[in-house]
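Asks: Just passing along the structure, written as structure tokens.
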Amino acid sequence: MYKIFIVEDDNSIADSIAKTANLWGFESKICSDFQNVMGEFSDFLPHIVLLDIGLPFSGGYHWCSEIRKISKVPIIFVSSASDNMNIVMAMNMGADDFIAKPFDSNVLMVKVQALLRRSYDFAVNSPMLSHKGAILSTGDNTLSYNGEKIELTKNEYRILFCLLQNKGKVVSREKLMEHLWETDSFVDENTLTVNINRLRKKLEQHSLCDFITTKFGVGYIVE
């Protein structure tokens with residue numbers, strides 16, 4: 001099921017979009033904290049974002065720019081500020097489409113459906129994994145947190161990918177090594193320990209403390 005993130009401060013409009021989206025078979029989430037749009041985005045990991053221009057605290061252009069720093073997710077601006085200048089600016093900021101208010105909710109869903117089809121059905125899907133606000137993009141093998149990209153080595157990325165795929169479950173050292181072997185990166189016990197320690201230090205340098213927990217005698221877990 002595709003997920004739609006609705007960033008709209010007019011409750012009646014947001015509720016109407018969400019209701020129609022649900023009828024069309026989408027899962028929707030309405031932004032509730034306009035000072036923490038990126039936090040809610042990271043937690044929900046939507047397939048598409050509907051974004052108003054005029055928002056409390058920081059406008060839609062700001063949040064479009066922040067999203068584009070970490071994700072290529074499709075973005076549609078939905079706004080009454082539909083003059084040519086705003087439309088051009090929205091597209092230059094990284095938006096994929098612009099729909100003027102007032103609009104018909106079903107027409108909006110047709111546009112959403114078409115953009116989703118172009119973005120995911122006919123292209124290589126690049127899923128994302130997240131934890132504690134950090135987003136691991138499997139498209140470009142990067143970890144993003146607070147708008148910054150954290151450079152990872154191939155082994156660090158593969159270790160983090162395996163742990164996040166099994167979030168909430170303990171992953172044994174043997175399974176991690178098998179995962180690395182499958183990608184033609186032979187490691188032994190000592191090499192794995194070195195990679196885990198380096199990864200932890202790198203995460204801590206970006207304020208991601210206690211991201212990976214050791215279960216002594218068993219393995220590691222992201223919880």
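Read-outs throughout are calculated quantities, based only on the coordinates presented, and are distinct from any laboratory measurement. Note that the structure is predicted; figures quoted are calculated from it, not measured. Quick reminder, even Gly has a Cβ in these numbers, built from the backbone with ideal geometry, and neighbours come from all protein chains shown.
Asks: Condition first: out of contact with any Phe, Trp or Tyr (no Cβ under 6 Å at 6 or more places or on another chain), more than 19 Å from residue 10 (Cα to Cα), without any contact (Cβ under 8 Å) to a residue 40 or more places away in the chain and aromatic (Phe, Trp, Tyr). Can you find one or more residues in the stretch 55-67 that meet it?
Replies: no
Asks: Only residues that are more than 13 Å from residue 74 (Cα to Cα) and in contact (Cβ under 8 Å) with a residue 60 or more places away in the chain: list them for the stretch 91-122, please.
Replies: 101, 105, 106, 108, 109
Asks: Let me ask something else about it. Out of 32, 80, which single residue is polar (S, T, N, Q) and over 21 Å from residue 108 (Cα atoms)?
Replies: 32 is the lone residue from the list that is polar (S, T, N, Q) and over 21 Å from residue 108 (Cα atoms).
Asks: In the stretch 56-76, which residues are surrounded by 19 or more Cβ atoms within 10 Å (Cβ to Cβ), of a type in the set (A, V, I, L, M, F, W, C) and over 14 Å from residue 3 (Cα atoms)?
Replies: Hits for the stretch 56-76 are 63, 64, 67, 70.
Asks: Is it the case that the stretch 17-37 has a residue that's closer than 22 Å to residue 136 by Cβ, touching a residue at least 60 places away in the same chain (Cβ under 8 Å) and under 12 Å from the mean Cα position of the chain (by Cα)?
Replies: No - not one qualifying residue is present in the stretch 17-37.
Asks: Just to be sure, is residue 87 touching a Gly at 6+ places or on another chain (Cβ under 8 Å) and either under 17 Å from residue 6 (Cβ atoms) or not aromatic (Phe, Trp, Tyr) (or both)?
Replies: Taking the combined requirement at face value, the residue does not satisfy it.
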